[in-house]
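Enquirer: The structure follows.
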Amino acid sequence: MTAGANPAYRPDGLKVRAFFGLPVPEALRQELGPYLAACAATAPDFRWVPAANLHLTVRFIGTVERTAIENIADRLAQRSLVEFELALGGVGAFRRGRMVRVVWLQVSSGVEAARELAVQVETECAAVGLTAEPRPFQPHLTLARARARDGAPVPPLPDPPQLDPWRADELVLYRSHLGRAGSVYEPLRTIKLS
């Protein structure tokens with residue numbers, strides 16, 4: 001990560017692994033909990049996300065100095081970020097050939113609004129000198145990742161529950177703590193969407 005010519009960027013040496021995401025409401029996480037448990041029993045070659053960790057990633061930052069991500073959050077808080085409705089649909093996957101690397105739920109409503117938010121976040125990431133995200137943003141809710149680096153075949157999964165849409169009214173800057181039991185996400189900042 002380079003600071004570029006941004007005078008507001010002051011390295012402090014403290015590095016964190018971070019990302020911006022949209023939290024999933026508690027009621028929906030509770031509805032998805034039994035579904036995730038059923039999927040884990042069906043497809044043990046995948047690490048299934050604990051219901052408490054469910055979120056829609058808007059921009060994965062990676063490991064950077066905390067001052068840089070605080071600067072991005074400050075800049076985003078000064079923007080007029082608009083809240084929008086989100087709804088989830090069917091199961092999808094990111095594949096490498098025949099192997100599945102990530103299992104997710106598609107966003108069936110709010111796709112364009114989520115993409116617009118991602119563009120605004122990307123703009124502020126570029127302003128502090130972060131390398132641009134090379135892949136186009138595809139809004140989705142990650143459910144599981146393959147345990148094997150190259151992916152794994154996924155058996156037929158149960159149908160996901162029908163979930164009510166919700167208002168995405170906040171963008172959260174999360175810190176990701178990696179551990180043997182999996183990642184733990186700590187909210188560092190919440191930016192209200194108006």
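Enquirer: When the convex hull of the C-alpha atoms of the stretch 40-92 is computed, what volume per residue in Å³ does it have?
Expert: Numbers: hull volume 7.6 nm³, N = 53.
Spelled out: Cα convex hull of the stretch 40-92, divided by residues, is 144 Å³.
Enquirer: Could I ask something else about it? If I build a Gaussian network model for the chain, linking alpha-carbon pairs within less than 10 angstrom, which residue out of PHE137, PHE94, PHE20 has the largest mean-square fluctuation?
Expert: PHE94
Enquirer: Further, regarding this structure: Counting only the backbone N, which residues of the stretch 90-107 are under 19 Å from the spot 7 Å out from the Cα of ALA148 toward its beta-carbon?
Expert: Under 19 Å, as judged by backbone N against the label point of ALA148, lie 93-104 of the stretch 90-107.
Enquirer: While we're here: In degrees, nearest 10, range 0 to 90: what is the angle between the Cα axis of helix 26-42 and the longest Cα principal axis of the chain?
Expert: Computed tilt is about 50 degrees.
Enquirer: Next question, about the same structure. Rounded to the nearest 500, what is the 222 nm mean residue ellipticity of the chain from helices alone, with -39500 (n - 2.57) per DSSP H run of 4+ residues and division by all residues?
Expert: Working: 3 runs with 46 residues, N = 194.
The per-residue figure over the chain is -8000 deg cm²/dmol.
Enquirer: Quote the FRET efficiency, to the nearest 0.05, computed for SER109 versus ARG47 with a Förster distance R0 of 25 Å and r equal to the Cβ-Cβ distance.
Expert: Details: r = 28 Å, r/R0 = 1.11.
Calculated transfer efficiency: 0.35.
Enquirer: Assuming R0 = 35 Å, can you tell me the calculated FRET efficiency for the pair THR123 and ARG167, based on Cβ-Cβ distance, to the nearest 0.05?
Expert: On the way: r = 23 Å, r/R0 = 0.67.
The pair THR123/ARG167 has a calculated efficiency of 0.90.
Enquirer: Another question, then. Could you tell me the extents of the chain's C-alpha atoms along the three principal axes, largest first, rounded to whole Å?
Expert: Cα extents, longest axis first: 52, 35, 28 Å.
Enquirer: Also, quick follow-up: With all distinct Cα pairs included, what does the Kirkwood hydrodynamic radius of the stretch 144-194 come out to in Å, to one decimal, could you say? Working shown, then result.
Expert: Details: mean 1/r = 0.0670 Å⁻¹.
Mean inverse Cα-Cα distance, inverted, gives 14.9 Å.
Enquirer: How much length is gained on full extension from ARG96 to HIS177, taking 0.36 nm per residue of separation minus their Cα-Cα distance?
Expert: Details: separation 81, 0.36 × 81 = 29.16 nm, distance 2.71 nm.
So the chain would gain 26.4 nm between ARG96 and HIS177.
Enquirer: Could you tell me the relative contact order of the stretch 27-173? Use alpha-carbon pairs under 8 Å, at least six residues apart, and round to a whole percent. Please list the in-between numbers first.
Expert: Values: 214 pairs, mean separation 54.4, N = 147.
RCO, the stretch 27-173: 37 percent.
Only the coordinates and a few stated rules stand behind these numbers; no lab work does. Please read these numbers as outputs of a predicted model, since none were measured by experiment. Backbone-built Cβ (ideal geometry, glycine too); neighbour counts: all protein chains shown.
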